[in-house]
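Since every read-out is calculated from the coordinates, none of them should be taken as a lab result. If you're wondering where the values come from, they're calculated on a predicted model, not measured in any experiment. For neighbour counting, all protein chains shown are included, and Cβ atoms are generated from backbone atoms with ideal geometry for every residue, glycine included.
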Amino acid sequence: MRLLVVDDEAPARDLLRVICMEHDVTVVGEAETGEAAIVLADRLRPDLVLMDVAMPGMGGMAAAQEIARLPHPPAIAFTTAFVSHALAAFDVGAVDYLLKPIVDARFVVMLGRARAARATTDTTPVDDHIWVPVRSEPKRISLGTIERITAERDYVRIEIDGRSHLLRATMDEIAAKLGSLPFLRIHRSTIVRRDLVTGLRHEGSGVWSAVMANGAPARIGRSYLDPTRSALSGIA
């Protein structure tokens, strides 16, 4: 695999070069800024760009957006000391997100994901997942496995497989990421997976709830009731 390393700190680039040598990865170039990364990604056509998020001038996220528009875009993975950047990494279709200091085992996992992404397509970024913080480490989860999303102030709570994860994001941002996947926004503060809704229940006084497969009700906002009924036509 041919890799472009992007980090404004020389010691960080040196460390990544050593790690790459240990895993038979060829470093074809190095850049200290986002602007330089775009130029080198276009010129060198690496398989993977491993890029720091926070750099002087153009940051890693902005550079990744430009790199994704190249005729032959590489896979992109980010390195950063801050787990809070996970949603932004998801926005630009990154294959992975490594927290500094980089652990060898996580580097190996990242390489596997980058290779899988390149094998699937050379032009389309992977955009079917999201990262959530789990014990200060980012965890990559498939969007299709999310069961319910609720707003909590400046965060959203993502429920999956009996567990919940807090992510700093807005409901509108999450709704945009879900796109055409089978989810329903039943309240300004609630999104549910459509196949987990088993019915609708009138709670009285004009209040309705969606009954979930686990038996838990999810209140439906008044302005969302008709669209929800339409989407669930055929469900009692």
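Kirkwood hydrodynamic radius computed over the chain comes to 19.3 Å, based on all pairs of distinct alpha carbons.
Can you tell me which of Gly215, Gly34, Gly93 moves the most in a GNM of the chain? Springs connect C-alpha atoms under 10 Å apart. Among Gly215, Gly34, Gly93, the largest GNM mean-square fluctuation belongs to Gly215. Using a Gaussian network model of the chain in which every pair of alpha carbons under 10 angstrom is joined by a spring, one finds that among Thr79, Thr33, Thr198 the greatest mean-square fluctuation is at Thr198. Could you check how many percent of all C-alpha pairs in segment 2-137 are farther apart than 25 Å? In whole percent, the share of Cα-Cα pairs in segment 2-137 beyond 25 Å is 15. The relative contact order of segment 8-72, computed from alpha carbon pairs under 8 Å that lie at least 6 residues apart in sequence, is 32 percent. Based on Cα contacts under 8 Å between residues 6+ apart, the chain shows a relative contact order of 11 percent. A cut-off of 5 Å between modelled amide H atoms, ignoring neighbours fewer than 5 places along the same chain, links Thr198 with Val211, Met212, Ala213.
For segment 146-231, the Kirkwood estimate of the hydrodynamic radius, built from every pair of different alpha carbons, is 13.1 Å. When the Cα positions of Ile174, Pro101, Ala218 are compared along the charge dipole of the chain, Ala218 comes out farthest toward the positive end, with charges on each C-beta of Lys, Arg, Asp and Glu. The GNM of the chain, with springs linking C-alpha atoms under 10 angstrom apart, assigns the highest mean-square fluctuation among Arg219, Arg135, Arg193 to Arg135.
Label zone (Leu15, point 7 Å along Cα-to-C-beta; backbone nitrogen cut-off 19 Å) within segment 61-77: 77. Against the chain, whose longest principal axis is taken from its Cα atoms, helix 104-120 shows a tilt of about 80°.
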